[in-house]
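First comes the structure, then the notes that go with it.
We did not get these values from a lab; they are worked out from the coordinates using the rules stated. Remember, it's a predicted structure, so these values are computed and weren't measured experimentally. Methodologically, a virtual Cβ is constructed for each residue, glycine included, from the backbone with ideal geometry; neighbour enumeration extends over all protein chains shown.
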Amino acid sequence: MEMPEYYEFCGRVNLIAGRDALEQIPDLLASLGTEHPRVITDAGVARAGLVDILLQALGRRITARTIEDAVPPDSDLKTVHTLARRYREKGCNAIIALGGGSVMDTAKAVNILVSESGQDLTAFSGAGALKHRLKPQVAVPTTAATGSEVTLVAVIADPEHGRKLLFTSHFLIPDAAVIDPRMTLSLPPHITAATAMDALSHAIEASICLARNPLSTALAHEAIDLIRCHLLPVITHPADPAGRLALATAAALAGMAFSNSMVGMVHTLGDSVGWVCHVPHGTCMAILLPYGMAYNFHKTQPLLADLLLPLAGEEIFARTPPRDRAQKAIDQVRQMNRRLHHATAGAHAVCLRDVTDRDGKPLVHRHQLPTIAKTALGDGSIFYNPEDLDYDDCLMVLEAAFQGDPLDRSRIRKG
Amino acid sequence: MTALLRFFSRTKLCFGSHALAHLPFELSAMNGWKPFVLTDPPGKDARLHLDMARAFRNSDIPLGIAALSDDRPGACQEMEDLYHLFVDKGYDCIMALGTGPLVQTAKLLNLTVCLGPEILRSSAGPEQLDTPLLPMVFVPTRPSEGRETATKVTLEGRTFASEFLLPDLTVIAPDIMLGTPENQILDAGLTCLAVCGNAVAFSGNPLVRAHAATGIRLVRDALPYLVRHPDPDEIFCRKSRKNRCRPLAFLAHAAALSGIIRANTGDLTPRPSDNLSGRKAALALVKDLKARKTLSPGLSHLLLLLTDPDRYAASPGSRRADAAILAVETFIHDVSGTLETEAPNGDA
């Protein structure tokens, strides 16, 4: 087994997943010594009726002091400071984060301010700035994607300075992550597809990037296996709670994996496409994932070959000759994208030029690719990618992903 | 997947060369500024406390070090003495440098400091505790059976259970692995194999399975090497020592994972390895795999974990479960040679 010279692994979150898992929250909060949580969510989640389901599950034992549903898709400093002020005013003593990645990150950032009695969130940005345990926090994800409910990271936008602030600390890992299939049942098929592919990208990158470790890889393989078994069936039968639960659990596993091993160029480029063109994160990940695998092929062939088993299942793995397994793994991801494209009636894009907004207008234009490539060079995940990337490399991959062409591996400069 | 999946591990793992050097940073992140280090006689004899002191040399963190007198878990009087020492000197966290009974003592000390010395004199029954304890660090110095990272501790017949009894941090540093008697190595490796094998084969919890898969791979890579290269005399040769230290650390790592699996395998019934160890546990695993072959969703995965992808792929799907059981038997036989001579009935 490949073993790094040194590695750390921390998955210090009480993970509860299953039918009626929400009903476990009162006991969880009691064990954390709190009964006056504040619920942080967003307007979409509230409109979908998920807050009502949560409040019903909390029952009479727990009184949510306030319910804040003003978290924007890309949470920013102003939102965090406002929510932190209200938390103090209402005398809350815990946080329940109900939502996707933005809500989770916002809740973590609010928790920093209220736990550290701070007034300026920027003072806590970076790695390891936190030295103390924060207020109790329970995370209830409503998408099966980011894994934020189990990660040690939060990202908050600082629009005034045109930057995103990164917060990293083991104290940011929520005390508990509660995964209940009721929370993802209403996700439309194309969002289900994109978010699951986001989780898949976390899992695959976690198992091939430079900071990988055996425990992260094992978790990643379990996550990939769950996504392979359940994604397409859930697209066909969206009301299947077992499938929904499996996908949400896979996202948490993938989150735990990448939280302990980082990610690579798929996120380097995907985050930049999202930043420049405002493309949903999961869509970027789904399109760029096979390109990232292909780009790193020569450095990670045995690792990619190992991925074929969870990606394709026992029988395909067994009948694929060892030398072909790595390429087959990449083909499986491409095939998964194509199947999702058909299953969602084309809503799941397979190349960047086909990504559109609700009105059908393209979101990514060829002339933006150089800007995306430049932006990518400032992304921290680039350092964990197995093969080096410079501007020309980024542009080459982006052009291929824009057209939907296979990556010409002969053009990759092997470092 | 299981109907309601639960998984929790408070324990952060640090594995690798010079891992001790990370301790001052890790402790300060846990708000631990004055650690009380407990070590056992083998650790003291090997002067491992000096390695520990060296790791803190350039920090502002003073260490208190106590070498326990024997290998038995702390009796009440010993706990009282440690308690007074801890409180009088104002320590704020506990580090256990060693394995087995030493860690039980460290956990009991933590309970005594946090709940008061009266718990030593109380005669109440088993207790489920939900009070946070002081930060605790576990630094194994040899492979063990992994009960250090489990959630229970016993004091003179009383059992205390709490998630807070899991160490906050487990630091596995190959550089401080001690020479270990061969029978202990074998016992540790086979116990881990049994715990992890059982989890891979029967658990519906993907987090448990991932931990177990890693544990099996660590045992697979370390145990045969250690069994085939016993030569205790060569332990004093720097190169030989280094060659053995890393596989010893692999086993210690697998043991830590076994403890975490034990703490999270509520969905497994029965759990044959709970009360068995070493060869008995491994043989009980084989027996269990054979008896419940058709009920095991993950059995074929054992073949992959214990052999390699090619052998796994070469085995027809319908025979993969049998091949997996054979792989487990072969592994046990290769490392211990006992399969033919000892009935796999779990009560040998």
Added length on full extension, which subtracts the Cα-Cα distance from 0.36 nm per residue, residue A:298 to residue A:383 | 28.9 nm
Label points 7 Å out from Cα along the Cβ direction at residue A:319 and residue A:30: separation in nm?
-> 5.5
Exposure proxy order (Cβ contacts within 10 Å, fewest to most) of B:159, A:195, A:217 = B:159, A:217, A:195
Which of A:184, A:63, A:300 moves most in a GNM of chain A, Cα contacts under 10 Å?
-> A:63
Label-point gap, in nm, between residue A:371 and residue A:242 - each point 7 angstrom along Cα→Cβ | 4.8
Farthest toward the dipole's positive end in the protein assembly as shown, which of A:291, A:21, A:102, given Cβ charges of +1 (Lys, Arg) and -1 (Asp, Glu) about the Cα centre?
-> A:291
Helical mean residue ellipticity (222 nm; -39500 (n - 2.57) per DSSP H run of 4+; nearest 500) of the protein assembly as shown = -15500 deg cm²/dmol
Could you point to the residue in B:135, B:261, B:316 farthest towards the positive end of the protein assembly as shown's charge dipole, with +1 and -1 charges on the Cβ of Lys/Arg and Asp/Glu respectively?
-> B:316
For chain B, the dipole about the Cα centre with charges only on Cβ (Lys and Arg +1, Asp and Glu -1), to the nearest 20 debye, works out at 920
Highest-MSF residue in chain A out of A:285, A:336, A:265 [GNM, Cα springs under 10 Å] | A:336
Pop a pseudo-label 7 angstrom from the Cα along the beta-carbon direction at both residue A:413 and residue A:63 and give the gap in nm to one decimal.
-> 6.5
Exposure proxy check: A:325, A:60 ranked by fewest other beta carbons within 10 Å?
-> A:60, A:325
Taking Cα atoms only, helix A:101-115 is inclined relative to the longest principal axis of chain A by an angle, in degrees rounded to 10, of 40
What stretch of chain B, leaving out the sites themselves, is the longest with no trypsin sites (Lys or Arg not before Pro) in a DSSP loop having at most 16 other Cβ atoms within 10 Å?
-> B:58-291
Among A:190, A:237, rank each residue by its count of other Cβ atoms within 10 Å, from fewest to most, as a rough exposure measure.
-> A:237, A:190
Got a sec? Charge dipole of the range A:212-319, +1 on Cβ for Lys and Arg, -1 for Asp and Glu; which of A:246, A:260, A:229 is way out at the positive end?
-> A:260
Roughly how tilted is helix B:101-115, in degrees to the nearest 10 and between 0 and 90, from the longest Cα axis of chain B?
-> 50
So, with +1 on the Cβ of K and R and -1 on the Cβ of D and E, and no other charges, what is the size of the charge dipole of the protein assembly as shown about its Cα centre, to the nearest 20 debye?
-> 640
Links exceeding 28 Å between C-alpha atoms in this model, out of A:328/B:290; A:90/A:131; A:328/B:293, come to A:328/B:290; A:328/B:293
Relative contact order, percent, of chain B when contacts are C-alpha pairs under 8 Å separated by at least 6 residues?
-> 17
Candidates A:379, A:354, A:405, ranked by Gaussian network fluctuation over chain A, Cα under 10 Å, top entry | A:405
Once you list every other residue whose beta carbon is under 10 Å from the beta carbon of residue B:33, what net charge do they have if Lys and Arg are +1 and Asp and Glu are -1?
-> -1
In degrees, nearest ten, helix B:320-336 long axis to first principal axis of chain B (Cα) = 50
